[in-house]
Structure formats: C-alpha cells, structure tokens
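Just so you know, all these numbers are worked out from the coordinates, no wet-lab data involved. Not measured: the values here are computed from a predicted model. Using ideal geometry, Cβ is built from the backbone for each residue, glycine included, and neighbour counts are taken over all protein chains shown.
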C-alpha cells in the first residue's frame, strides 16, 4: 500500500495558514523587540545620569562640561568633525565621565545609527553651550543650583553625538535641535535625581520631526524647525523645553491644536 501524502492543494492551504499567522504575529514580535530596545536605552541613560551624579559628588557639586565641541576642557565626551569609528571610541574614552561609566555599550541606544558610538546628549542648561541671546539662559555650573531635580533633564537620546549640547529655546515657543521618535514614537530621558523616563509623543508634528533621517538632520531639518508651525501649541515641545530648564517654561504656550 502506498503511503498517504499531502496533495498540492493541502500543501498550499498549510502555506497560506502559516503566512496568515506570520502576518498576525510579526507586528506583535516587532513591538516586543522594540520594547526590549527601549528598555535597554532607558537603562543606559539611567546609568549615565548616575555617573553624572558621581562626578558632581567628587567635585563639590560641579556639573561636568556638556559642550562636546573639540577643544572644550573637561567635556563628558568629545566631538570632532568627520570622526572615524576609532576616533569616536577614543573621544568617549577620553571624556570626563568615562572613569565613572567605562562601558562603551552604555553610550549608545540599540537603535542608533550605524557606526555611531554615542547617541546621548545633555541639554545646554546643564553646563553646556553658552547662553544664546533671546533663546536660552546662562547654563548652570553647579548641581546645587537645580531647584527641581526630578524635572531637570540631564540625558536624552538625541540619536547621534552633536557638536555641543542639546539646544531648545527657553524664551520662545520653538524647537531648535531635532528630537527623536525611535521608540514607538517617543524617546527616553534621565533626570538629575537619578531616575529615567520614556516619553511618548502626543503631537503628530513631533512624530514627523522625530522620524526625519537623523543622518541628514543637521543640514535638512533645522531650517524647517525655524518654522513656528512645528512648535506652536505643541505640548511635546513645551514639555521638553520645561524639562531642559529646571522644570520652568520661559514663554506663554499657545493652545494645542491636537
């Protein structure tokens, strides 16, 4: 007796069922994978802010230099134009925070750009770039001057190491640097009291900004952000600006249209 075998129709039915199951399961698997990356990133910036606080403890509250531009003394990491991967690694290892967190993996979000070594940034107000006329107040130099440590952002996932520190307006309702949206349309922050948080964006304009190609951001996106359309009434922008300046908003926000 010949052994019974599947007919062609039966095989096609089985393949179709597997394809349907895969189509149902893949979005869920992708969400789980992304949640895992978000959790790793959240832990990374928590470790970074713990290192930041240890540095403050060792230097009588003095805040590490957040201005990464080449030539800055005591910067937490160092930025140079057109760095190779080896130079990026060297400039992290020569940074002022590396003795407190000597693990390169903690400097990069798992969803970071290829060949990027450091994806995190510190706001201007935390001893970063000097005050920008009409845009930002003078940076704080000492942790003891922070009045709302649970609200003061220290690290955020900017997506790549930039020349300086993370900039956002304080006195105007306007973005400056690009914000990211790589973790389910949101991003991660850590605060001077040592905790970290994931913020999911509510405004579709923020999501669009965050989804812009990070590798082209410095040349393509910033001019767009000068358009008030992206910021007016944007509660995400209000929240980030407030978090970057000790929990204080420096302008009267417009009503949200979303």
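A few notes on this one:
- Per-residue ellipticity at 222 nm from helix content only, as computed over the chain with -39500 (n - 2.57) for each DSSP H run of at least four residues, stands at -10500 deg cm²/dmol.
- Residues residue 73 and residue 103, FRET efficiency given R0 of 25 Å [Cβ-Cβ distance, rounded to 0.05]: 0.55
- Within the range 8-244, antiparallel bridges make up roughly 75 percent of the DSSP beta bridges whose residues both belong there.
- Available extension along the chain between residue 23 and residue 11 is 2.5 nm, counting 0.36 nm per residue and deducting the alpha carbon span.
- Relative contact order, whole percent, for the chain stands at 18, derived from Cα pairs under 8 Å and 6 or more residues apart.
- Rounded tilt (10° steps) of 235-244 against the dominant C-alpha axis of the chain: 50 degrees
- Helix 8-58 vs. the chain, principal-axis angle (Cα, 0 to 90°, nearest 10): 20 degrees
- Counting neighbouring beta carbons within 10 Å and listing from fewest to most, the residues 120, 98 come out as 98, 120.
- For the range 131-257: rounded, prolate or oblate by the Cα gyration tensor [a/c cutoff 1.5]: rounded
- Counting 0.36 nm for each residue step from residue 142 to residue 57 and taking away their Cα separation leaves a gain of 29.5 nm.
- Residue with peak Gaussian network fluctuation, the chain [Cα springs, cutoff 10 Å], from 11, 42, 140: 11
- Descending semi-axes in Å of the chain, equivalent ellipsoid built from Cα gyration tensor: 40, 23, 17
- In a fully extended conformation the segment linking residue 86 and residue 258 would gain 57.5 nm over its present Cα-Cα distance, using 0.36 nm per residue.
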